[in-house]
Amino acid sequence: MKACDLEKGSVVDLEGDPHVVERLSVQMPSARGAATLYKVRFRNVRTKNKLDKTFKGDDMLAETDFDTRTIDYSYRDGDRFAFMDREDYSTIELTEDEIEDAVPYLRDGLEGIKALVRDGKVLCIQLPDSVDLEITECAPSMKGASVTARTKTAVLETGLEVQVPEYMAQGERVRVDTRTGLFIQRAQ
């Protein structure tokens, strides 16, 4: 696979370990003849460590032999999380330690989660870029607060705390970016 073909969620083999592309930025050169650079943040699937690398567009990267499966979050039982495979409807159980970064975004029935599978074992899961969650706790909304006003802390249904605009109230749904943990907008 060429570096110019990478996209968020691609899996490549670096230093003998599978790495997932978390972030990708492209730098176009201003000088003629200079190569376009691809700055990539990888996450090691096995160790969860981050790795930043820069490539030219035609640099070759080794692909890995992974299956990507679509799964839905079903329920939590203590520190175990159950997911349903959309293809064969089998149940996949993962521990909190295996998916700790995803836990604050998991709500019952969450769909569109990708699981990277190798030799029948789930190595990691990738959440959708955003999820809709309900505000369960926050300070009362301010009458007359404008959309661009100050923010306040809100606790969401999963226990995640985010900064939301002052006009938001308990019981409303918000869209949160799973990559950054930041409020995006009010959800429908």
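Tabulated results
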| item | result |
| --- | --- |
| Dmax and Rg, reported as Rg then Dmax, of region 130-186 (C-alpha, Å) | 10.3, 32 |
| Residues of type lysines that LYS8 reaches as a straight line, Cα spacing below 27 Å, ignoring anything fewer than 8 places off in the same chain | LYS39, LYS48, LYS50, LYS53, LYS56, LYS114, LYS121 |
| For LEU133, LEU14, order by how many other beta-carbon atoms lie within 10 Å, fewest first | LEU14, LEU133 |
| Extension reserve of the THR180-TYR75 stretch, reckoned as 0.36 nm per residue once the Cα distance is removed | 35.4 nm |
| Restricting region 32-91 to chymotrypsin sites (Phe, Trp or Tyr not before Pro) in coil, as DSSP defines it, with at most 11 other Cβ within 10 Å | TYR89 |
| Nearest-20 debye value, the chain charge dipole, Cβ charges on Lys, Arg, Asp, Glu | 1060 debye |
| Kirkwood hydrodynamic radius of region 3-63, from inverse mean 1/r over distinct Cα pairs, in Å | 11.9 Å |
| Highest-first arrangement of 122-131, 170-179, where packing means the average Cβ count within 10 Å | 122-131, 170-179 |
| Residue order, fewest to most beta carbons within 10 Å, for ASP132, ASP77 | ASP77, ASP132 |
| Separation in nanometres of the label points that stand 7 Å from Cα toward Cβ, at SER141 and ASP5 | 4.9 nm |
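No lab work stands behind these numbers, since they all come straight from the coordinates. In this text the structure is predicted, and so the values were computed from the model without any measurement. In this analysis, Cβ positions are derived from the backbone assuming ideal geometry, glycine residues included, and neighbour counts consider all displayed protein chains.
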